[in-house]
Amino acid sequence: MQNDLIGLMVRDPHDSHLPELGLQVMIRDPQDVNEQLLIDLRQYAEAFAEEAEAEERYVRSIFDKAKASFLKIETNQEPFDLLAHYFKNGRTS
C-alpha cells in the first residue's frame, strides 16, 4: 500500500488579482484617526499579482522538495472535476 501526500491550495481568484475597477481606497491610521491616506489600487495591482504568484511558487516548492503533489483549486472551479482528473491521469501535479 502506498500513501500519497497531496498539497491542496484553495484560493479565490480575487486572492491573486485586485479588481480592475480603478478604485480608490481611503485608509485611516487606527492610532491617529486624523491621519488618512488615499490609495489608488491601480498603482498596486501589478505588485499584488506578483506577490500572490511568489507566494504560490513558495508553497509549491515546499511540496516539490517533499516529493509531494500539489494542486491549486480556485473557488470558481469544481473541485471534484480537478481531483478526478488528478487521480485519473497518473497523479501528477
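The values are calculated or read from the model by the stated rules, or taken from the named source; none is laboratory data. Remember, predicted model here, so these are calculated numbers, not experimental data. Here the Cβ is made from the backbone with ideal geometry for all residues, glycine too, and neighbour counts use every protein chain on show.
Couple of notes before you dig in:
- Out of PHE48, PHE63, one residue alone is in contact with a strand residue (DSSP E or B) (Cβ under 6 Å, 6 or more places away or on another chain), surrounded by 10 or more Cβ atoms within 10 Å (Cβ to Cβ) and not in a loop (DSSP other than H, G, I, E, B). It is PHE63.
- In the range 1-36, of all residues being outside any strand (DSSP E or B) and among the small types (Gly, Ala, Ser), the one that is nearest to GLU53 (Cα to Cα) corresponds to SER16.
- Output for the range 65-90, where each listed residue is of a type in the set (D, E, K, R) and within 13 Å of LEU8 (Cα to Cα): LYS72, GLU74
- Matching entry among GLU46, GLU53 (being more than 21 Å from TYR86 (Cβ to Cβ) and in contact (Cβ under 8 Å) with a residue 24 or more places away in the chain): GLU53
- Residue match in the range 66-74 (condition: touching a strand residue (DSSP E or B) at 6+ places or on another chain (Cβ under 9 Å), surrounded by fewer than 13 Cβ atoms within 10 Å (Cβ to Cβ), modelled with pLDDT of 90 or more and not small (Gly, Ala, Ser)): no
- Filtered residue count, the range 66-89, keeping only those that are acidic (Asp, Glu) and in a helix (DSSP H, G or I): 1
- Leading residue by the ranking (farthest from PHE63 (Cα to Cα)) among those in the range 1-33 that are polar (S, T, N, Q) and modelled with pLDDT under 80: GLN2
- Pairs, first under 17 Å from LEU82 (Cβ atoms) and touching a residue at least 40 places away in the same chain (Cβ under 8 Å) in the range 5-17, second part of a loop (DSSP other than H, G, I, E, B) and polar (S, T, N, Q), C-beta under 9 Å, six or more apart: ILE6/SER93; GLY7/SER93; VAL10/THR75; ARG11/THR75; ASP12/THR75; ASP12/ASN76; PRO13/THR75; PRO13/ASN76
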